[in-house]
Ligand code: CO
């Protein structure tokens, strides 16, 4: 199968979510524009408090996982189960909504830069109704690999091997076997990332530019590049270097029915989620 090729590019679109937070959405920006098991990727990036101050007040989720990764600024998570976490630069948070959670994500600053990402990863049918779980991952728990070419790679999920040394990230043991790296490469340098051949893999450039895939195609700034199946992905940084997210996961291969923050397999399950939410049964402990 060899090296992966770029098969599609999803340009990010300006979007607004929560109480009016301005963001860029690539995956998930149009109906059914997903890459199994990944449902959505948002980047929020602004120096203007008016773009982020309203935050994401109390809202529900069911049927999937959300991963928040901060680069700049501070955000506080609070949920109905009493979990509370402060995300700062370099921190991550992994939330499994399972059968239901209600939470808020609110900025803890009134000025300055707010920058980060939220990724949604689907759950297979048999796990959609498992109890909710939440995990705060401070920056110090995310290993940074010094790459042989002078760049660096942070391992948030999965593991990365270089010269026989395996660096494992804090998130492991999930059925979609996600790999989540934050990769920073110097101008003109290349990196080959090994991948399980059947995983779906994509990259999102958040600074600079890169050429990617076997045929070295340009992946524009703030776009998600989706790859064909294969055993590895090659990326080469442009003249100003590149910073990008690399994501890969095992496809679930089930029908996806989404209604806002509920992602299930059938319309009936969506109706159930709405009924449960309205009746106060969505997020119950146990
Ligand atoms: Co949320």
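Just so you know, all these numbers are worked out from the coordinates, no wet-lab data involved. The model shown is predicted, which means the values in this text are computed figures rather than measured ones. Because the Cβ atoms are built from the backbone with ideal geometry, glycine has one as well, and the counts that use them run over all protein chains shown.
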Square roots of 5 times each gyration tensor eigenvalue, C-alpha, segment 38-126, largest first, Å: 23, 14, 11
Could you list 212, 242 in order of exposure, starting from the residue whose Cβ has the fewest other Cβ atoms within 10 Å? 212, 242
With 10 angstrom as the radius, rank 177, 269 by how many other C-beta atoms surround their C-beta, starting from the fewest. 177, 269
Those residues of segment 107-134 whose amide nitrogen sits under 16 Å from the label point placed on residue 81, 7 Å along Cα→Cβ: 123, 127-134
C-alpha long axis of helix 267-278 to longest principal axis of the chain, angle in °: 60
According to a simple spin-label model (label point 7 Å from Cα along Cα-to-Cβ), what is the distance in nm between residue 140 and residue 8? 4.2
Listed with the fewest Cβ neighbours within 10 Å leading, 121, 10 appear as 10, 121
Per-residue [θ]222 nm for the chain (sum of -39500 (n - 2.57) over DSSP H runs n ≥ 4, rounded to 500): -1500 deg cm²/dmol
Dividing the alpha-carbon Rg of the chain by 2.2 N^0.38 Å yields what? 0.97
In whole Å, what three semi-axes, largest first, describe the equivalent ellipsoid of segment 114-241 built from its Cα gyration tensor (square root of 5 times each eigenvalue)? 26, 17, 16
Counting only backbone N atoms under 17 Å from a point 7 Å out along Cα-to-Cβ of residue 236, the residues of segment 1-34 in range are 3-6
Segment residue 30-residue 274, length gained on full extension (0.36 nm per residue, minus Cα span): 85.6 nm
Could you work out, for segment 1-151, what percent of all Cα-Cα pairs fall into each 10 Å distance bin, beginning at 0 Å and stopping at the bin that holds the largest distance? 11, 36, 37, 15, 2, 0
